[in-house]
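Colleague: Would you mind keeping the following structure in view while I ask a few things?
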Amino acid sequence: MSNNPGYKRIGGWLLAPMAYLIVTLLSVVLMLFLFSMALFVPESREYLITNSQAFTLQWYFSVVTTLAMGLFTVAVLWQFCKRARALPKMYIIWLLCTVLLAVKAFAFSPVTDDLAVRNLLLPLLAAAVFVPYFKRSLRVKETFTE
């Protein structure tokens, strides 16, 4: 019997970061659905076309940012399922991107500070927990070897 448990599949505490990826992907899909509804409803489409150019540019920037984050989330999730060796670094970068997007929403969105802090709390907490775990965990080093 060897001392190395030989992690060959994703399990244990690695299910939490994977669940966070899936939940984020679902929220991105929901946001893209809401953005597409704005294009298909005649009143909101007319509002986008006739409103100030600054608002329209912000809206398109939000759509592009959401789409980019969705594609990056799919790529990280794909690497996660393949147990790719590069996944720990990609996941840490992905976590930092979520924190940056939350800071962007905190700084530039016209929402109350309470709502912005609540939206900033989850990405900060996830980064604070998962970055050290991905950097130091033996399970991560043994699982992502492909």
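Colleague: When only Cα pairs under 8 Å and 6 or more residues apart are kept, what is the percent relative contact order across the chain?
Modeller: On the way: 91 pairs, mean separation 46.0, N = 146.
The value is 32 percent.
Colleague: Roughly how many Å² is the accessible area per residue of the chain, as a whole number, for a 1.4 Å probe?
Modeller: 67 Å²
Colleague: Total Lys pairs in the chain closer than 21 Å by alpha-carbon, pairs eight or more apart in sequence or interchain only? Mind showing how you got there, number by number?
Modeller: Working: 8/82; 8/89; 8/135; 8/141; 82/135; 82/141; 89/135; 89/141.
Going through the chain pair by pair, I get 8.
Colleague: If r is the Cβ-Cβ distance from residue 34 to residue 139 and R0 is 41 Å, what FRET efficiency results, to the nearest 0.05? Walk me through the intermediate numbers first.
Modeller: Working: r = 37 Å, r/R0 = 0.90.
Efficiency at R0 = 41 Å is approximately 0.65.
Colleague: What accessible area, in Å² to the nearest ten, does a 1.4 Å probe give for residue 131?
Modeller: 30 Å²
Colleague: Assuming R0 = 22 Å, can you tell me the calculated FRET efficiency for the pair residue 15 and residue 128, based on Cβ-Cβ distance, to the nearest 0.05?
Modeller: Values: r = 19 Å, r/R0 = 0.85.
Rounded to the nearest 0.05, the efficiency is 0.75.
Colleague: Something else now. Can you tell me the 0 to 90 degree angle between the C-alpha axis of helix 15-40 and the longest principal axis of the chain, rounded to 10?
Modeller: The angle comes out near 20 degrees.
Colleague: If r is the Cβ-Cβ distance from residue 22 to residue 50 and R0 is 25 Å, what FRET efficiency results, to the nearest 0.05? Walk me through the numbers before you get to the answer.
Modeller: Numbers: r = 38 Å, r/R0 = 1.53.
After rounding to 0.05, the efficiency reads 0.05.
The values are calculated or read from the model by the stated rules, or taken from the named source; none is laboratory data. No experiment lies behind these values; they were computed from the predicted model shown. Note that we place each Cβ from the backbone using ideal geometry, even for glycine, and neighbour counts take in every protein chain shown. The accessibility values were calculated without ligands, DNA or RNA, using every heavy atom of the protein model including side chains. Shrake-Rupley method; radii C 1.70, N 1.55, O 1.52, S 1.80 Å.
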